[in-house]
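Peer 1: The structure follows.
The values are calculated or read from the model by the stated rules, or taken from the named source; none is laboratory data. What you see is a predicted model, and the numbers here were worked out from it, not measured in a lab. Cβ placement follows ideal geometry from the backbone for every residue including glycine, while neighbour counts extend to all protein chains displayed.
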Amino acid sequence: MLQTKIHNLILKNPVMTASGTFGYGEEFADFIDLNRLGGIIVKGTTGERRQGNPYPRMAETPSGMLNAVGLQNVGVETFCNEVYHRIKDLDTNIIVNVSGSSIEEYCKTASMIDALDRIPAIELNISCPNVKKGGMGFGTNPDMAAQVVSEVRKVYHKTLIVKLTPNVTSVVDIAKAVENAGADSVSLINTLLGMAIDVEKQRPYLSTITGGLSGPAVKPVAVRMVWQVAHAVKIPVIGLGGITCAADALEFLMAGAKAVQVGTANFIDPAVTMKIIDGLEEYCRRHGISDINEIIGII
Amino acid sequence: MRKQITDFTIVEKQVFNETYFTLKLQHPGILPEIKAGQFVEVEVPGNKQVVLRRPISIHDVDTDNNTITLLIQVVGKGTKTLSNMKEGDTINMVYPLGHGFSLEGEKVLLVGGGAGIAPLLHLSKCLNLKGIHPVILLGGRTKSLIPIQKEFEPYGQVCFATEDGSLGEKGLVTQHSMFSRDYDHIYTCGPTPMMKAVARHALDKGIECEVSLENMMACGIGACLCCVVDSDQGHKCVCKEGPVFNAKQLTNWINNK
Ligand SMILES: Cc1cc2nc3c(=O)[nH]c(=O)nc-3n(C[C@H](O)[C@H](O)[C@H](O)COP(=O)(O)OP(=O)(O)OC[C@H]3O[C@@H](n4cnc5c(N)ncnc54)[C@H](O)[C@@H]3O)c2cc1C
Ligand SMILES: Cc1cc2nc3c(=O)[nH]c(=O)nc-3n(C[C@H](O)[C@H](O)[C@H](O)COP(=O)(O)O)c2cc1C
Ligand code: FES
C-alpha cells in the first residue's frame, strides 16, 4: 500500500530520515524498529574528518531551530571501514549524504561509497549553509551545480540524489540544471539561512552568527518549492522540511514528492517516524486508497 | 541501558521560591536502573514557543516507589511552563540519557552551584551505597538560591558558601575552608566559571575531578551534534559522551575563558 520508488530504489514506504538529524540510525535503535523505515540518510560525509563549527551550534526559534553544526563527521574512510560495518545489515535503504568543499572532494567520497554493496544511493549535498567554502556555493548557481553533478556522475554508478538549497531565487532553475547533468532524483529543502540574537547578552546565539533554519517553521516554504520542482522536472522529487506528522508528509506527497524525509521532528519525538508511517496507512485505509502513488502529485 | 520514552505522572510538586521547584514523577511501571549524573529530556507541553525538549538532571531516584525527582530552576520559557504544571499532570520524558559519574574515590568532595546541585543528591546516595561519605559543598549568591539543603544531611558533611554570607561561609565555593582540604576525588556541577575554577584546582593538585556539563541540546541522544564541548580529543557530544567528563580530558575547555 505504501511502497514507492525513487529511480532504482524500492522504498517500503515513503518515510525516510533526513541527514544530520538521525546520526547513523543507531542512536534511534532503542526507540524504533529501524527496518520499518523507507530509508535512512546518514550524516553528511566528507573526504576528510571534520571538526565542524565551534559551540554554540544551535538556538531554538519560533516553531523551529537554527543549527550551525558545520558538517562534523568522521570522514569517508572511517565511514567505509567502521561505521558501514555496523549498519550495513539493516533491512532498509541506507543512503549516504555526501558533502564537500571541492569537486575533487565530492568525487573522492562518491567513488569510495560506490564500492559499498549495501549503499544503494547517495544524496549529494550541494546545499549546506554551514561551511565557509563550497557547500551551498555549488547549490546556488545552476552552472556550478551542473558541473559538480556531472563530475560525480562519472564516478558514481548507483542512484544519485541531489539535495537542493532553498536559499536561491529560482529553485526550479537549479533542479533543471542538475537533472540535465545526470541526477536521478532531487531532494529538497535543506535549511533556510537564518539568524537570531540574544538581546540580553547582546550577541548572536550561534558561534557562526548565521545558521540553518529547520523544523515546522519552514514547512510552507518547503511544500511550495517541492510543488514547483515536481512540476518542472521528470525525475522523482523527495520532499522535506518541517514534517512532524502524517498530515505534513501527505502535503508533500500531494505536492508531488515521491518520498519524504523527517528531520528536526526526530529530536522532538525519537519515535515520530513510526507514527508517521502508521498515520499514512491509516489515511489510506480511511480514504480507500490501495496504493499511495494514487495521491502523489494530485495538486 | 536501553533508553525509553515514557509518560510520567507528577505525584508531588514542591515550590521553594520563584526560581526553584521540584517535581516528583511516577513511572507507570518499573523504573529502569538510573546512574548518578544521567539526565532526562523533558517535553514541555502546552507552549507553542517551545518545540524542543529540555535536558534536566535526575535529582533523586526512589526505586521502591518507581519515582524520580527533578530539581528545576526557572530561567526561560520552557522551565517557566514546567513550573506551572500541577500534581496529576503527565510529562513525557526520554531517558535515561548520558553517562553518569564514576562513583570512584575515597576522600570525596562534591561541589554544586545553582541548578547544578540537582545531580548531586542522587550522587550522594549512590556514593553512600559504596560506603563513601562525601563532603558536600553547595554554593550560591544568596541563601534562597540554594534550594536543597537538609536533604543532603544524611549522606555526608554538608557545608555552604554564599556570596552575601546569608548561609555558611561568605564567598565563593573555591574560597570555602573545606574546599582545599585533602581529597582524592572531586565531583562538580554548576555554573561554567565555577566548574572551571574547581577543575583547575583539582588538576593543579593532581586530584581526580569529574565535571557535569550543561551545554545547549537539541536531541539529547547523540544524533544532531549540537551540544559539543571542545575536549582535548576534539569535539565530543555532551549528551552522549558526557554530560560527565573527567577534567583531564577537558584541559582546553578549562583553560579557555
Ligand atoms: C545535561 C543537562 C542537565 C541539566 N540539568 C538541569 C537541572 O537539573 N535543573 C535545571 O534547572 N536545569 C538543568 N539544565 C539546564 C536546563 O536544560 C536549561 O536551563 C533549560 O533548557 C532552559 O530552558 P528554558 O526554555 O527555560 O530557557 P530558554 O527560554 O530556552 O532560554 C532562556 C535563557 O537560558 C539560557 N539557557 C537555555 N538552555 C541552557 C542551558 N542548557 N545551559 C545554560 N543556559 C541555558 C538561554 O541561553 C537563555 O539565555 C541542564 C542542562 C543539561 C544540558
Ligand atoms: C542539526 C542538523 C544537522 C543537519 N546536517 C545536515 C547534513 O549534514 N547534510 C544535509 O544535507 N542536511 C543537513 N541538515 C538539514 C536537514 O537534513 C533537513 O534538510 C532540514 O533540517 C529540513 O528538514 P526538517 O525541517 O525536517 O529538519 C541538518 C539539519 C539539522 C537540524
Ligand atoms: S544534543 Fe544532539 S547530539 Fe547532543
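Peer 1: Counting residues that are within 14 Å of another protein chain (Cβ to nearest Cβ), which helices (runs of 4 or more DSSP H) fully inside the range B:152-257 reach at least 3?
Peer 2: Hits in the range B:152-257: B:238-241.
Peer 1: Looking at the structure I just gave you, is A:Thr46 in contact (Cβ under 8 Å) with a residue 60 or more places away in the chain, over 15 Å from B:Gly220 (Cβ atoms), within 18 Å of the chain's Cα centre (by Cα) and more than 10 Å from every other protein chain (Cβ to nearest Cβ)?
Peer 2: yes
Peer 1: Another question, if that's okay. Residue by residue through the range A:207-229, note down the ones that are more than 16 Å from the chain's Cα centre (by Cα) and in a helix (DSSP H, G or I).
Peer 2: A:Ala217, A:Pro220, A:Arg224, A:Trp227, A:Gln228, listed by residue number.
Peer 1: Scan the range B:222-249 residue by residue and report those that are surrounded by fewer than 24 Cβ atoms within 10 Å (Cβ to Cβ) and within 13 Å of ligand 3 (Cβ to nearest atom).
Peer 2: B:Gly222, B:Val229, B:His235, B:Lys236, B:Lys240, B:Glu241
Peer 1: One residue is enough: does the range A:105-123 have a residue meeting the conditions of a type in the set (A, V, I, L, M), under 25 Å from A:Leu192 (Cα atoms) and surrounded by fewer than 19 Cβ atoms within 10 Å (Cβ to Cβ)?
Peer 2: no
Peer 1: Any residue in the range B:82-100 that is part of a helix (DSSP H, G or I) and at pLDDT 95 or above?
Peer 2: Yes, that holds for at least one residue.
Peer 1: Based on what the data block shows, is A:Val76 more than 13 Å from ligand 2 (Cβ to nearest atom) and surrounded by 23 or more Cβ atoms within 10 Å (Cβ to Cβ)?
Peer 2: yes
Peer 1: Of the conditions (1) more than 16 Å from ligand 1 (Cβ to nearest atom); (2) surrounded by 16 or more Cβ atoms within 10 Å (Cβ to Cβ); (3) over 17 Å from the mean Cα position of the chain (by Cα); (4) of a type outside the set (D, E, K, R), B:Asn256 satisfies every one except a single condition; which number is it?
Peer 2: Result: B:Asn256 fails condition (2) only.
Peer 1: Just the residues that are in a strand (DSSP E or B) and farther than 14 Å from A:Met16 by Cβ, please, taken from the range A:78-99.
Peer 2: A:Val98
Peer 1: Got at least one residue in the range A:66-77 being in a strand (DSSP E or B), closer than 28 Å to A:Asn93 by Cβ and aliphatic (A, V, I, L, M)?
Peer 2: No, every residue in the range A:66-77 fails to be in a strand (DSSP E or B), closer than 28 Å to A:Asn93 by Cβ and aliphatic (A, V, I, L, M).
Peer 1: Same structure again: In the range A:232-277, what count of residues is obtained for those that are within 11 Å of ligand 2 (Cβ to nearest atom), in a loop (DSSP other than H, G, I, E, B) and of a type outside the set (Gly, Ala, Ser)?
Peer 2: 3
Peer 1: From B:Met217, B:Met178, which residue is hydrophobic (A, V, I, L, M, F, W, C), within 16 Å of ligand 2 (Cβ to nearest atom) and either in contact (Cβ under 8 Å) with a residue 12 or more places away in the chain or surrounded by fewer than 21 Cβ atoms within 10 Å (Cβ to Cβ) (or both)?
Peer 2: Every option except B:Met217 fails the conditions.
Peer 1: Taking A:Arg36 as meeting all but one of (1) away from ligand 1 (no atom under 16 Å from the Cβ); (2) within 12 Å of chain B (Cβ to nearest Cβ), write down the number of the exception.
Peer 2: With respect to (1) away from ligand 1 (no atom under 16 Å from the Cβ); (2) within 12 Å of chain B (Cβ to nearest Cβ), A:Arg36 is out only on (2).
Peer 1: Out of B:Val75, B:Val51, B:Val61, which single residue is within 14 Å of another protein chain (Cβ to nearest Cβ) and touching a helix residue (DSSP H, G or I) at 6+ places or on another chain (Cβ under 7 Å)?
Peer 2: B:Val51
Peer 1: Looking at A:Leu253, A:Leu206, A:Leu213, which one is more than 14 Å from chain B (Cβ to nearest Cβ) and out of contact with any Phe, Trp or Tyr (no Cβ under 7 Å at 6 or more places or on another chain)?
Peer 2: The conditions single out A:Leu253.
Peer 1: Go through the residues of the range B:117-139 one by one and say whether even a single one is surrounded by fewer than 23 Cβ atoms within 10 Å (Cβ to Cβ) and touching a Pro at 6+ places or on another chain (Cβ under 6 Å).
Peer 2: no
Peer 1: Something else about it: Taking the range B:46-72, which residues are more than 16 Å from ligand 3 (Cβ to nearest atom) and not in a loop (DSSP other than H, G, I, E, B)?
Peer 2: B:Asp60, B:Val61, B:Asp62, B:Thr67, B:Ile68, B:Thr69, B:Leu70, B:Leu71, B:Ile72
Peer 1: Looking only at the range A:136-156, decide whether some residue is touching a residue at least 60 places away in the same chain (Cβ under 8 Å) and either crowded, with 20+ Cβ neighbours inside 10 Å or outside any helix (DSSP H, G or I) (or both).
Peer 2: No; the residues of the range A:136-156 include none that is touching a residue at least 60 places away in the same chain (Cβ under 8 Å) and either crowded, with 20+ Cβ neighbours inside 10 Å or outside any helix (DSSP H, G or I) (or both).
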